[in-house]
Amino acid sequence: MSQPGRRFPNYAFRPVREADLPLIAGWLAEPHLAQWWGDPETEIVAIRDHMSSVSVEPLIVELAGQPIAYLQSYDPHLEDDHPYQDQPFGTLGIDVSIGPAEMVGIGHGSLIVRQFVETLFAEGAPRVIIDPHPDNKRAIRAYEKAGFREIDRRSTIYGDVVLMAVGNPEGD
């Protein structure tokens with residue numbers, strides 16, 4: 001996935017801490033995220049719950065030591081009635097939201113996703129999925145740049161989605 005001779009930012013992924021929740025809530029209230037997320041207070045409760053979950057891993061993405069995005073990884077097979085349990089066993093899902101508005105639209109989304117997916121593949125995930133809203137054209141383009149392709153369109157408990165996937169090139 002990397003291009004020889006071209007340097008990409010190196011993102012750090014760390015678990016969300018209680019002290020991060022006000023920052024994330026502020027991001028979720030920003031117009032570029034508010035249209036895709038629910039009420040920030042409700043979402044923060046869910047993120048706090050994910051901090052002790054076995055099925056969802058909430059992460060802060062840092063660039064040069066500064067938090068720039070929220071990312072969560074999840075296993076749809078560990079959640080009762082998850083709409084993506086039809087995916088092959090071992091498939092992991094991700095969601096990513098770049099926080100500061102000035103960091104949006106300059107390539108971080110696809111690069112963050114690409115780096116994180118490479119990590120998941122190195123850990124043995126056979127496939128990674130992501131599910132942007134059909135109207136979120138910017139996100140869809142970013143995910144396509146990161147190697148994802150549309151596999152389905154669905155109406156789920158999360159709303160209408162474009163289900164996108166990328167397979168592990170080392171897989172069978």
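Is there a residue being over 17 Å from the mean Cα position of the chain (by Cα) and within 30 Å of residue 169 (Cα to Cα) anywhere in the range 14-30?
no
What about residue 152, is it within 15 Å of residue 164 (Cβ to Cβ) and under 12 Å from the mean Cα position of the chain (by Cα)?
No; evaluated as a whole, the condition is false for this residue.
Report every pair of residues separated by at least 6 positions or lying on different chains whose Cβ atoms are under 7 Å apart, first residue within the range 30-47 and touching a residue at least 40 places away in the same chain (Cβ under 8 Å), second among the aromatic types (Phe, Trp, Tyr).
Qualifying pairs under 7 Å: 33/27.
Keeping to the range 120-146, report how many residues are more than 15 Å from residue 96 (Cα to Cα) and in contact (Cβ under 8 Å) with a residue 60 or more places away in the chain.
Number satisfying all stated conditions: 0.
Could you tell me which numbered condition residue 60 fails, if it satisfies all but one of (1) under 14 Å from the mean Cα position of the chain (by Cα); (2) in a strand (DSSP E or B); (3) farther than 27 Å from residue 21 by Cα?
(3) is the only condition that residue 60 fails.
Can you find a residue in the range 17-30 that is of a type in the set (A, V, I, L, M) and buried (at least 19 other Cβ atoms within 10 Å of the Cβ)?
yes
Suppose we filter the range 148-172 for residues that are at pLDDT below 95 and in a loop (DSSP other than H, G, I, E, B); how many remain?
7
Test residue 161 against the criterion of being buried (at least 16 other Cβ atoms within 10 Å of the Cβ), touching a residue at least 40 places away in the same chain (Cβ under 8 Å), of a type in the set (A, V, I, L, M, F, W, C) and at negative phi, and give yes or no.
Spelling it out, it is not the case that residue 161 is buried (at least 16 other Cβ atoms within 10 Å of the Cβ), touching a residue at least 40 places away in the same chain (Cβ under 8 Å), of a type in the set (A, V, I, L, M, F, W, C) and at negative phi.
Name every residue in the range 124-143 that is among the acidic types (Asp, Glu) and open to solvent by 80 Å² or more (accessible area, probe 1.4 Å), in order of residue number.
Going residue by residue through the range 124-143, those that are among the acidic types (Asp, Glu) are 131, 135.
Correct list: 135 only.
The values are calculated or read from the model by the stated rules, or taken from the named source; none is laboratory data. The structure displayed is predicted, hence computed values, not measured ones. With ideal geometry, Cβ positions are generated from the backbone for all residues, glycine too; neighbour counts draw on all protein chains shown. SASA here: full protein model, heavy atoms, side chains in, ligands and nucleic acids out. Shrake-Rupley method; radii C 1.70, N 1.55, O 1.52, S 1.80 Å.
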